[in-house]
Structure formats: C-alpha cells, structure tokens
Amino acid sequence: MDVVCRKYSCIYNDKAKCSRKNLQVNEKADCKDLHIDDNKLVEDVSRDMFSHEPDVAPYHHCKNMNIMCDSENCIFNKNNECFSNGIFVGSEQTNAPCNSFVPR
C-alpha cells in the first residue's frame with residue numbers, strides 16, 4: 001500500500017509520502033495521525049516545477065502498512081481496516097482528508 005500525502009508540514013511527510021507504518025482515518029475521513037511541525041522546512045516546487053523534475057520520494061509498496069479507518073461509509077472499509085490499493089491524503093487549512101474516500 002502506498003500513501004501519498006500533500007500535508008507537507010506533517011512530521012511523517014517524506015517528500016509527499018507517508019513514513020508511518022500505521023495510520024488511522026477518522027469517521028469524517030480525515031487523517032488522525034497528523035502531527036504538524038510549524039518549523040519544518042517545506043520545499044516550494046512551484047517556482048521551477050517545469051524546468052526540472054521535482055525531488056520526490058520513491059514509490060514505497062509497503063505490505064506492512066496498516067491503515068485503520070473509522071469511516072464506515074467508505075467502500076474500502078472492511079471491519080475498520082482500509083483495503084484500498086493506496087490512498088491519497090489531501091491538504092486543507094487544518095485537516096488532512098483521505099481523498100481516496102468513496103461513499104457506499
């Protein structure tokens with residue numbers, strides 16, 4: 001399972017990849033394991049994104065990653081565990097929503 005995350009200020013964000021081994025999604029489909037570091041340096045790739053390839057973390061197919069989900073309305077939730085092939089965590093002002101959420 002690969003988890004792409006756009007919440008770059010989270011301490012577990014490693015170049016748009018989640019470095020946690022266990023992840024918890026709440027009933028509103030938001031990442032509960034969000035730990036923001038306001039002092040974390042976040043690279044701004046928008047200035048030169050078309051002049052060269054951005055530095056991103058490699059694909060991490062992690063069969064050991066455990067994603068627990070309290071959102072019972074998602075089709076990927078089976079017994080409070082996520083069975084998606086991968087998830088995409090977005091970036092909002094305060095939350096980090098699971099954008100892979102698909103309602104039943």
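The values are calculated or read from the model by the stated rules, or taken from the named source; none is laboratory data. Worth saying up front: this structure is predicted, and the values here are computed from it rather than measured. Cβ placement follows ideal geometry from the backbone for every residue including glycine, while neighbour counts extend to all protein chains displayed.
Restricting to segment 1-42, count the residues that are among the hydrophobic types (A, V, I, L, M, F, W, C) and either in a loop (DSSP other than H, G, I, E, B) or modelled with pLDDT under 85 (or both).
Going residue by residue through segment 1-42, those that are among the hydrophobic types (A, V, I, L, M, F, W, C) are 1, 3-5, 10-11, 16, 18, 23, 25, 29, 31, 34, 36, 41-42.
With the extra rule that they be either in a loop (DSSP other than H, G, I, E, B) or modelled with pLDDT under 85 (or both), the set shrinks to 1, 11, 16, 29, 34, 41-42.
Qualifying residue count for the region: 7.
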Checked segment 84-103 for anything closer than 11 Å to V4 by Cβ and of a type in the set (F, W, Y); matches are F88
Residue count, segment 85-103, condition surrounded by fewer than 15 Cβ atoms within 10 Å (Cβ to Cβ), in a loop (DSSP other than H, G, I, E, B) and modelled with pLDDT of 90 or more, comes to 2
Per the filter on segment 43-84, residues under 23 Å from S100 (Cβ atoms), among the aliphatic types (A, V, I, L, M), in a loop (DSSP other than H, G, I, E, B) and modelled with pLDDT under 95 are V45, V56, A57, M65
